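In what follows, a single structure is set out as structure tokens and then discussed.
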Amino acid sequence: MKKQKNTDNASKLQIIPLGGLEQIGMNITAFRYEDSIIVVDCGLSFPDDDMLGIDLVIPDVTYLLDNIDKVKGFVITHGHEDHIGALPYILKEVNAPVYATRLTMGLIEHKLEEHGLMRNTRRKVVKFGQFINLGDFRVEFIKTNHSIVDAAALAIYSPAGIVVHTGDFKVDYTPVYGDPIDLQRFGEIGKKGVLALLCDSTNAERPGFTASEKTVGATLDALFREHKKSRIIVATFASNVDRVQQIINAAYQYDRKVVVEGRSMVTVIDIAQKLECIKVPDNTLIDIDELKNYPDNKQVIITTGSQGESMAALSRMANGQHKKISIKPGDTVIFSSTPIPGNEKSVTNVVNELMMKGAQVIFQDVHVSGHACQEDIKLIYNLVKPKYSVPVHGEYRHLTAQRQIALKLGIPKENTFILKTGDILEMDSTSARIHGKVPTGAVLVDGIGVGDVGNVVLRDRQRLAQDGIVIAVLGIDKGSAQLVSGPMIVSRGFVYVKESDELIEDATDLVLDEVTEALSRGITDWPKLKNLVKDILSEFIWKKTKRRPMILPIIMDN
């Protein structure tokens with residue numbers, strides 16, 4: 001007798017965001033139809049200020065691990081860290097093929113090489129207009145524009161209907177490199193009937209259209225013309241290849257040599273050059289050691305650090321820690337970016353340091369966004385004509401702003417879904433609903449450790465950062481129940497011991513008295529003694545200082 005299929009979820013498409021909602025970054029979404037799962041993007045996010053010592057944050061993919069036999073592949077929209085950065089970590093657990101366009105794959109392969117995963121990872125470079133068959137899914141890559149070359153939208157064909165995922169995008173009719181967004185294809189797919197549109201929400205609060213990247217080229221040209229006598233340093237995002245191309249174009253026009261500085265910037269430009277995604281005139285790029293051979297007015301330095309990152313090249317130049325480049329009076333520093341929310345203070349600090357060294361700093365009108373504003377979003381909706389609207393990529397306020405756009409365009413409110421990470425959105429041609437959740441969360445990467453730092457460790461780090469640590473060391477002869485050495489009390493990050501002799505002496509006397517009394521009463525259980533020391537020290541220090549340092553008792557068996 002033929003085994004009956006479970007009909008509860010049969011013929012339903014499930015859309016399951018595993019990250020990327022209610023935040024900027026860590027974009028990853030699973031699409032499931034019966035026994036087939038495809039994963040769109042696999043990004044990381046950067047740690048919050050309270051995540052002390054954490055390097056990166058990657059998504060929890062427990063759901064994929066629980067259904068690993070159903071995962072058919074990772075389909076990547078573009079090469080930004082918030083869309084590809086977690087791949088090398090996730091692929092070690094979920095080894096599935098990776099599909100991406102040319103530059104995107106070049107950037108992914110560089111990461112796989114660093115992690116020793118090239119041999120074990122199946123990869124396929126996909127061209128725009130090409131279809132990939134993955135289980136019950138068929139995925140088409142559609143040309144879009146963004147602040148990195150080779151960005152793609154996806155048309156995901158399933159038995160339940162077509163879903164269009166825009167990825168990060170803008171509508172640019174005059175891109176620096178390659179063709180404009182393929183609006184015609186969006187329209188053709190819209191005529192077939194689209195079940196749902198997952199659209200970039202990053203700029204959904206901004207009215208109007210997003211300006212073309214080429215407008216920045218005209219601004220750069222004017223700045224180069226105006227500052228002919230000074231050395232020019234331009235800070236921008238490492239991945240913005242089109243921006244770098246325009247800086248190089250301006251440098252070449254004004255007969256300047258270009259140095260690219262910053263590890264990530266060098267890596268991206270090297271990959272882009274090999275793939276011919278950027279065109280550098282002969283003898284324009286020089287090594288940093290060759291700068292001394294040219295006068296300041298013949299130099300352009302393109303650098304990372306536009307977000308005020310403490311270890312980026314521009315920050316090290318600003319605070320005098322860069323080994324080969326020093327900021328000097330007369331330099332012109334151009335910030336070709338806008339601060340990401342939360343980075344404003346760091347950027348301001350770098351600007352102040354640059355200006356104190358005599359540099360002129362320019363940051364107005366030298367950047368355009370890589371994301372669609374309201375009118376561009378409306379255009380995509382009108383071309384695709386989706387039955388359901390599912391805003392993605394953004395904080396809650398961005399998602400709700402896009403929902404308002406969808407409502408104005410006539411999509412019924414019950415057909416718009418603002419999801420939370422982990423929600424299971426089930427849909428077919430007749431209905432859609434949020435039906436259950438899957439486990440999700442953030443996995444913290446600290447050095448080579450992945451997931452070994454959790455909330456308890458973070459709380460300890462926060463306590464150490466706030467009030468420091470007090471260590472009480474005692475030596476006890478367990479056989480005779482006698483205190484044979486100590487207590488010795490030391491602290492770090494709590495008080496400066498040399499100026500707090502009385503406090504430390506009083507604490508030492510208190511511990512000595514309490515431990516001696518406890519031993520005389522026959523208490524020789526190490527955990528009980530440790531808790532006793534911890535409690536009395538904690539209470540004493542709070543009374544004297546109104547601080548709560550971490551108390552660490554250490555008992556040695558002598």
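The values are calculated or read from the model by the stated rules, or taken from the named source; none is laboratory data. Quick caveat: nothing in here was measured; it's all calculated off a predicted structure. All Cβ positions, even for glycine, are placed from backbone atoms using ideal geometry, and neighbour counts span all protein chains on display.
Summary table
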{"read-out": "Residue match in segment 348-361 (condition: loosely packed, with under 14 Cβ neighbours inside 10 Å, under 21 Å from residue 263 (Cα atoms) and at pLDDT below 95)", "value": "no"}
{"read-out": "Any hit, segment 251-261, residues being crowded, with 18+ Cβ neighbours inside 10 Å, touching a Gly at 6+ places or on another chain (Cβ under 8 Å) and within 21 Å of residue 80 (Cα to Cα)", "value": "no"}
{"read-out": "Subset of segment 265-315 (residues that are among the aliphatic types (A, V, I, L, M) and assigned to a strand (DSSP E or B))", "value": "285, 300, 301, 302"}
{"read-out": "Pick from segment 122-174, criterion outside any strand (DSSP E or B) and of a type in the set (D, E, K, R), ranking: farthest from residue 74 (Cα to Cα)", "value": "172"}
{"read-out": "Qualifying residue in segment 105-127 (condition: within 29 Å of residue 346 (Cα to Cα), assigned by TED's automatic domain parsing to the domain that holds residue 434 and touching a Pro at 6+ places or on another chain (Cβ under 6 Å))", "value": "yes"}
{"read-out": "Pairs, first outside the structural domain of residue 238 (by TED's automatic domain parsing) in segment 325-354, second assigned to a helix (DSSP H, G or I), C-beta under 6 Å, six or more apart", "value": "none"}
{"read-out": "For residue 407: the one exception among (1) of a type outside the set (S, T, N, Q); (2) in contact (Cβ under 8 Å) with a residue 60 or more places away in the chain; (3) in a helix (DSSP H, G or I); (4) touching a strand residue (DSSP E or B) at 6+ places or on another chain (Cβ under 9 Å)", "value": "(2)"}
{"read-out": "Answer residue from segment 96-116, given it is part of a loop (DSSP other than H, G, I, E, B) and modelled with pLDDT of 95 or more and is farthest from residue 36 (Cα to Cα) among those", "value": "101"}
{"read-out": "Test: residue in segment 368-390 that is among the hydrophobic types (A, V, I, L, M, F, W, C) and modelled with pLDDT under 95", "value": "yes"}
{"read-out": "Long-range neighbours under 8 Å by Cβ, at least six apart or interchain, first residue over 16 Å from residue 96 (Cα atoms) within segment 65-82, second buried (at least 20 other Cβ atoms within 10 Å of the Cβ) and of a type in the set (Lys, Arg)", "value": "none"}
{"read-out": "Matching residues in segment 114-151 - criterion: being buried (at least 18 other Cβ atoms within 10 Å of the Cβ) and of a type outside the set (A, V, I, L, M)", "value": "121, 128, 136, 137, 140, 141, 143, 144, 145, 146, 147, 150"}
{"read-out": "Filter result (farther than 22 Å from residue 145 by Cα and among the aromatic types (Phe, Trp, Tyr)) within segment 202-237", "value": "224"}
{"read-out": "Which listed residue, of 52, 65, 21, is modelled with pLDDT of 80 or more, over 27 Å from residue 120 (Cα atoms) and of a type outside the set (Phe, Trp, Tyr)", "value": "21"}
{"read-out": "Residue selected from segment 158-173 under the condition buried (at least 19 other Cβ atoms within 10 Å of the Cβ) and without any contact (Cβ under 8 Å) to a residue 60 or more places away in the chain, by the criterion farthest from residue 430 (Cα to Cα)", "value": "172"}
{"read-out": "Matching entry among 308, 320 (being at positive phi, of a type outside the set (Phe, Trp, Tyr) and more than 24 Å from the chain's Cα centre (by Cα))", "value": "320"}
{"read-out": "Filter pass, residue 361 being in a loop (DSSP other than H, G, I, E, B), touching a strand residue (DSSP E or B) at 6+ places or on another chain (Cβ under 6 Å) and aliphatic (A, V, I, L, M)", "value": "no"}
{"read-out": "Residues within segment 498-519 that are surrounded by 11 or more Cβ atoms within 10 Å (Cβ to Cβ), in a helix (DSSP H, G or I) and free of Cβ contacts under 8 Å to residues at least 12 places away in the same chain, tallied", "value": "4"}
{"read-out": "Neighbours by Cβ (under 6 Å, 6+ apart or cross-chain): first from segment 274-302, of a type in the set (Asp, Glu); second modelled with pLDDT of 95 or more and crowded, with 17+ Cβ neighbours inside 10 Å", "value": "296/231"}
{"read-out": "Near pairs, Cβ below 6 angstrom, 6+ apart or cross-chain, from segment 236-248 (outside the structural domain of residue 176 (by TED's automatic domain parsing) and within 16 Å of residue 314 (Cα to Cα)) to any residue that is in a helix (DSSP H, G or I) and not β-branched (Val, Ile, Thr)", "value": "236/243; 238/264; 238/265"}
{"read-out": "Every residue from segment 413-433 that is in contact (Cβ under 8 Å) with a residue 12 or more places away in the chain, small (Gly, Ala, Ser) and surrounded by fewer than 18 Cβ atoms within 10 Å (Cβ to Cβ)", "value": "429"}
{"read-out": "Options 436, 410; residue that is surrounded by fewer than 21 Cβ atoms within 10 Å (Cβ to Cβ), small (Gly, Ala, Ser) and under 30 Å from residue 61 (Cβ atoms)", "value": "436"}
